[in-house]
Structures are given as C-alpha cells and as structure tokens.
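The values are calculated or read from the model by the stated rules, or taken from the named source; none is laboratory data. Model, not experiment: these values are computed from the prediction. All Cβ positions, glycine included, derive from the backbone under ideal geometry; neighbour counts span all protein chains shown. All accessible areas refer to the heavy atoms of the entire protein, side chains included, with ligands and DNA or RNA removed. Shrake-Rupley method; radii C 1.70, N 1.55, O 1.52, S 1.80 Å.
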Amino acid sequence: MTTFQAVIDRYLAAYAAHDAAGCAAVYAPDAEVHSPFGQAAIGTAVIAAIHRDWFEDGETNKTMRVIRAGIDGNLGYCLVHFEADVPGDGGGQGGGMDRFRGSSLNVMQRGADGIWTITLTSLNERQEQDTDQDR
C-alpha cells in the first residue's frame, strides 16, 4: 500500500497547491478519469483541465488514503478514500463548509522507468461514515 500511497501523496500535494499540471503528472498520458460529477476525462491535458475546474469549486483540507492495494507485475490497483471540506448551503460545519467523502478505484501501471502512474480512476461519492475496518 505504501507504494501507491506515495503516488497519491504526490497527487495530493499538487492538488493542495492548485497545480493542475502536477495533478495530471501522476497519470499516464492516455489515462482516464470517470466521475459522477461530469464527463469522462481522457488524457493528461483533459485531466489537468478538469482539475482547474475542480479548484474553482472551493474544496479545501483534502485528505486521501489508500485502504486496499495489490500489485501483479507491472500492474496494480488501489482503493482510496478521500475527504474534503466543500462550500455548503450554510448548514455545514466551519462557516458554511460541508465534509464531502468519496472513494476512487485506481488502476496503476509501472513504466519502464519504474515509476507508477494511474491509468484509470473511477470516482464515487460515499454517504456512509468510515468503519473501523477502513481505519
């Protein structure tokens, strides 16, 4: 899990800095991001563009952690739980912020250079709270 957490941590650092190109850099050139929040993004240029849109949504305090992972040769997967504060309708905590929870299932590929990149991400909103099994 630490192998893929390192990739996710690079992504998270770029996200916190609102660095769309840095977010896209953890993806393979032909990667895909599928989300219930919009159309699929295919390729790093489009992935960078959707991140610029996401930054405008005002999300802050994002955390991400790998809760399951597996590797078979140069392919792998990781299931990630994420949380972030998003502007709410005024009913949320912290001055109108709501806590948004979700998960992503990511297909990973190790390149000839040994560097892991994400080739496919499927994002999902989570309604339930974390369980002890998730911690």
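A few comments on the model shown:
- Screening SER35 with (1) open to solvent by 50 Å² or more (accessible area, probe 1.4 Å); (2) under 13 Å from the mean Cα position of the chain (by Cα); (3) at pLDDT below 95 gives one miss only, at (1).
- Of the residues making up the range 36-59, those that are closer than 25 Å to GLY111 by Cα and among the small types (Gly, Ala, Ser) are ALA40, ALA41, GLY43, ALA45, ALA48, ALA49.
- Residue list for the range 51-66, restricted to those being in a helix (DSSP H, G or I) and either under 16 Å from ALA24 (Cα atoms) or among the small types (Gly, Ala, Ser) (or both): HIS51, ARG52, ASP53, TRP54, PHE55
- Positions within the range 1-32 being touching a helix residue (DSSP H, G or I) at 6+ places or on another chain (Cβ under 6 Å), within 15 Å of GLN109 (Cβ to Cβ) and loosely packed, with under 15 Cβ neighbours inside 10 Å, in sequence order: PRO29
So that you can scan it fast, the table gives a plain yes or no per residue for (1) touching a strand residue (DSSP E or B) at 6+ places or on another chain (Cβ under 8 Å); (2) of a type in the set (Ser, Thr, Tyr); (3) assigned to a strand (DSSP E or B); (4) modelled with pLDDT of 95 or more:
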residue	(1), (2), (3), (4)
ALA48	no, no, no, yes
ARG68	yes, no, yes, yes
PHE100	yes, no, yes, no
GLN133	no, no, no, no
